[in-house]
Amino acid sequence: MLKLSKMDVVGPYLPQTLQPGERGEAFAPSNIALCKYWGKRDTGLNLPINASLSVSLAHLGSKTTITPATGAEDQVCLNGDLLAADSRFATKVVDFVDLFRGDLNQPLRIETHNNIPTAAGLASSASGFAALMLALDDFYQLKLEPPVLSAFARMGSGSASRSVFEGFVEWQMGHRDDGMDSHAFQLSARWPGLRIGLVKVATGEKKVDSRAGMQRTVESAHLYQSWPLQAAADLEKLHQAILAQDFALLGETAEQNALSMHATMIASWPPLLYWQPDSVAAMHKVWQLRAEGLALYFTMDAGPNLKLLFEAEDQAAIEQQFPDLEVVNPFPAG
Ligand code: DP6
């Protein structure tokens with residue numbers, strides 16, 4: 001297969017002469033996958049082995065502002081702090097910005113604010129790269145179409161392709177070498193009663209990030225062979241669940257999908273187990289409450305924290321059981 005660089009892919013979409021404005025600004029929500037993205041067929045462009053489906057977290061996410069820098073160097077700020085140019089975050093941001101600024105080489109100040117409660121242990125790369133892409137589109141007045149914005153955000157971080165949209169979002173895997181058909185789109189269905197609860201087990205940098213984790217799984221877990229089939233079947237079930245507003249089907253599918261993904265990680269070598277004892281305790285608590293009749297399910301990403309899925313009518317009962325729960329309404333009115 002022909003391997004293209006990110007620059008090869010972006011180039012044809014840029015105008016001959018860039019027209020930077022005074023300021024570019026954008027917000028993008030974080031998202032939680034109900035059918036997970038796990039495994040890449042192209043690690044450079046972040047092209048996935050399977051399609052995925054998520055729900056965006058409304059007002060929780062990242063806001064990015066781009067302005068011309070006052071000095072000769074780029075300035076990258078995170079939550080109000082100016083970062084060292086060689087820090088991991090600043091390098092990733094500048095590498096992404098380099099794809100778009102062409103020969104202009106104009107130094108920029110890029111400020112990102114995450115309002116995701118750090119205590120919730122949610123990854124911010126999805127909302128971060130989506131907001132950065134949207135802010136670049138605004139700053140350079142590129143006026144790119146949403147599928148293109150999503151495909152480009154994907155090159156920053158796969159899950160960022162979904163954070164370009166609100167509500168339920170599907171990321172189709174695509175088949176093209178340049179990946180331009182591997183982008184997300186918003187589903188028209190809404191689910192106003194759906195709630196997501198963030199259970200914090202642990203925060204802090206993980207030893208193995210998603211990128212390295214999925215690579216290890218693809219390369220070393222025989223169990224991974226079954227993952228694309230599982231994901232395709234789950235995607236279909238989630239479509240049915242969303243169409244029929246069948247919460248039990250949604251919850252069961254999302255929970256089984258997450259546990260299947262974790263099973264492939266555990267079957268990797270060296271083994272990859274993101275769970276902490278408190279993660280397992282929380283899983284048992286969910287299963288116990290469900291056995292007692294509460295419609296409560298969970299999903300988990302490449303980390304120890306659980307994301308609970310339930311409906312608004314059960315919120316009070318669930319908050320009683322999980323006192324520190326951060327509850328998100330992904331479909332606020334208006
Ligand atoms: C488990 O999007 O963070 O959260 O493409 O390497 O940046 P990169 O990975 P990333 O992986 C997210 C994995 C996941 C599942 C999901 O969000 O679909």
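Observations on the structure shown:
- Global geometry of segment 162-227, whether rounded, prolate or oblate, following the gyration tensor of its Cα atoms and the 1.5 cut on a/c: oblate
- Accessible surface of segment 22-186, 1.4 Å probe: 50 percent of it comes from carbon and sulfur atoms.
- Stretching A244 away from K206 to a fully extended chain increases their span by 9.9 nm, per 0.36 nm per residue minus the current alpha-carbon distance.
- Sorted into 10 angstrom bins from 0, the C-alpha pair distances of segment 194-328 split as 12, 39, 35, 14, 1 percent.
- Highest average packing first - 83-93, 293-303, Cβ atoms within 10 Å: 293-303, 83-93
- For the peptides 12-23, 161-172, the ranking by packing is 161-172, 12-23, with the highest mean count of neighbouring Cβ atoms within 10 Å listed first.
- Computed with the Debye formula from one identical point scatterer per Cα of segment 22-186, without solvent, the log10 of I(q)/I(0) at q = 0.15, 0.20 Å⁻¹ comes to -0.76, -1.30.
- Mean residue ellipticity (222 nm) of the chain, computed from DSSP H runs ≥ 4 via -39,500 (n - 2.57), nearest 500: -10500 deg cm²/dmol
- Computed from the C-alpha gyration tensor, the three semi-axes of the ellipsoid equivalent to the chain are 33, 22, 19 Å, from longest to shortest.
- Accessible area in square angstrom per residue, the chain, 1.4 angstrom probe: 45
- Pairs beyond 18 Å (Cα-Cα), from K200/K237; K63/K207; K6/K40; K40/K207; K63/K206: K200/K237; K63/K207; K40/K207; K63/K206
- For segment 9-101, the equivalent ellipsoid derived from the alpha-carbon gyration tensor has semi-axes of 27, 19, 15 Å in decreasing order.
- Put simply, when 254-262, 267-275 are sorted by average Cβ atoms within 10 angstrom per residue, most first, you get 254-262, 267-275.
- Cα-Cα P(r), segment 66-120, percent of pairs per 10 Å interval: 23, 54, 19, 5, 0
The values are calculated or read from the model by the stated rules, or taken from the named source; none is laboratory data. Just so you know, these numbers come straight off a predicted model, no measurement behind them. For neighbour counting, all protein chains shown are included, and Cβ atoms are generated from backbone atoms with ideal geometry for every residue, glycine included. Note: accessible area is taken over every heavy atom of the protein model, side chains too, but ligands, DNA and RNA are not part of it. Shrake-Rupley method; radii C 1.70, N 1.55, O 1.52, S 1.80 Å.
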